[in-house]
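Notes for the one structure printed next.
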Amino acid sequence: MKQRNIIIVVMALLVVSLITWGLVGGYSNRGGDEANNLGDNIGGTDKIVVVTSLFPWYDLARQIGGDYVEVSLLLPPGVEAHAFEPTPSDMINISQAGLFIYTGDYLEPWAKDLIISLGKNAPESIALGDGLAQIIMQEDADHEDADHEEHTNTGLDPHIWTDPAIYAQLAGPLATELVKIDPDHADYYNARLDNYRQSLVTLDSDFYQALSTCQQTEFIYAGHYAFGYLAKRYDLKYEAAQGFSPDAESNPQRLKTLTDLLKKYQADYIFAEELDSPQLAEALAQEVGVDILLLNSAHNVSKEDMRAGITYEEIMRTNLGQLKLGLKCQ
Ligand SMILES: [Zn+2]
């Protein structure tokens, strides 16, 4: 077990002790902690309290659960998702939830150990990405640093939600979970599932139609490798500056490869991560003489977007607009 997971397990056992000793009240008011988007009113509600690790699962639970769920997002606004680890207070919130939704071992490596450590205090949980991640990072010279140290992002690509068709598939298992917990509202959840899946089918077909008309089919991303599933779905060639999770430092050889590709493709734009710091994209853009277009990989959202009630579908439609512009589509 990695050291960070040992810390998670120790904290979880401490949380279990606090609950067992009655020092943490069950379903008490945990006071409008806005950073975690937790409502004040979890106590006394007959809604299913759902805690989600990432924004796509937050929105999916909200879209399917509607009036009968109280959904919260574990990530504080704007925080980078891959390096996130839950605090003891997050663990208490997870232990008191009716359902905990996360991606899987590659994105939340702490989740499984946390659930096991919570024992009988663990909520129902679902790892939506289990068995779905298929893209494997190809190790090559570009992805090794000067010391030939293994790249930190080997393994399976966890960013399954960037393909709207895969995202639509995940709505089913989530609805099944809600029906299991709250069978009285099965018809309600299933009706919302049908509606939402229909709008995701439309989203997928809009992506497909628009992206099959482009003059360019290669897109270069000055962030981590988050859009592999989107690229695969719509037959685009995709290169990113980093691997499956954001690196603190960029590999100079990799950046040289990207500048060469931007020149080769005669690109007018480089794409960059919405919530990431802009330095890398700006350096590449200046070097090659291209402009920057933002893409939102939707792991998390800003405080403003959260307040405005932004949805996965809105984020993806904005991304489609950016891709159409950058790749010169009709
Ligand atoms: Zn990511």
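Divide the volume of the convex hull around the Cα atoms of the chain by the residue count and you get 129 Å³ per residue. The gain in end-to-end length when the ALA308 to ASP130 segment is fully stretched comes to 61.0 nm, 0.36 nm per residue minus the alpha carbon separation. Assuming charge only on the beta carbon of Lys and Arg (+1) and of Asp and Glu (-1), the dipole of the chain about its Cα centre is about 560 debye to the nearest 20. A Förster radius of 22 Å, combined with the Cβ-Cβ distance separating SER89 from ASP46, puts the computed FRET efficiency at roughly 0.35. Charging the Cβ of each Asp and Glu at -1 and of each Lys and Arg at +1, and nothing else, the dipole of region 168-265 about its Cα centre rounds to 500 debye.
Which pairs break 21 Å Cα to Cα here: LYS2/LYS303; LYS237/LYS324; LYS120/LYS180; LYS112/LYS232; LYS232/LYS263; LYS263/LYS324?
Pairs exceeding the cut-off: LYS2/LYS303; LYS112/LYS232; LYS232/LYS263.
Protein heavy-atom surface of region 193-293, 1.4 angstrom probe: 43% of the accessible area is carbon and sulfur, with nucleic acids and ligands not counted. Each of GLY228, LEU211, VAL201 was scored by the projection of its Cα onto the charge dipole of region 199-250, and the greatest displacement toward the positive side belongs to VAL201; charges sit on the C-beta of Lys, Arg, Asp and Glu. With R₀ fixed at 45 Å, the C-beta to C-beta distance from LYS2 to THR213 puts the FRET efficiency at about 0.45. For the chain, the longest principal axis of the alpha carbon atoms and the long axis of helix 279-288 meet at an angle near 20°.
Largest accessible area first, the residues TRP21, TRP161 order themselves as TRP21, TRP161 under a 1.4 Å probe with ligands, DNA and RNA left out.
Helix 55-65 and the longest principal axis of the C-alpha atoms of the chain enclose an angle of approximately 50°. Here the gap between TRP21 and GLU282, fully extended at 0.36 nm per residue and compared with their Cα-Cα distance, gives a gain of 88.6 nm.
Just checking the listed ones, LEU284, LEU23, LEU99: in the Gaussian network model of the chain with Cα springs under 10 Å, the one fluctuating most is LEU23. Per residue, the solvent-accessible area of the chain (1.4 Å probe, heavy atoms of protein chains only, all protein chains present) comes to 46 Å².
Take the Cα of LYS120, step 7 Å toward its Cβ, do the same at ARG317, and the gap between the two points is 4.9 nm.
Close amide H pairs (under 5 Å, H built 1.01 Å from N) link ASP105 with no residue at least 5 positions away or on another chain.
Take 90-96, 62-68 and order them by the average number of nearby Cβ atoms within 10 Å per residue, most first; the result is 90-96, 62-68.
Each of GLU249 and ALA191 was given a label point 7 Å from its Cα along the Cα-to-Cβ line. The distance between the two points is 5.8 nm.
The values are calculated or read from the model by the stated rules, or taken from the named source; none is laboratory data. Because the structure is predicted, anything quoted here is derived from the model rather than measured. All Cβ positions, glycine included, derive from the backbone under ideal geometry; neighbour counts span all protein chains shown. The accessibility values were calculated without ligands, DNA or RNA, using every heavy atom of the protein model including side chains. Shrake-Rupley method; radii C 1.70, N 1.55, O 1.52, S 1.80 Å.
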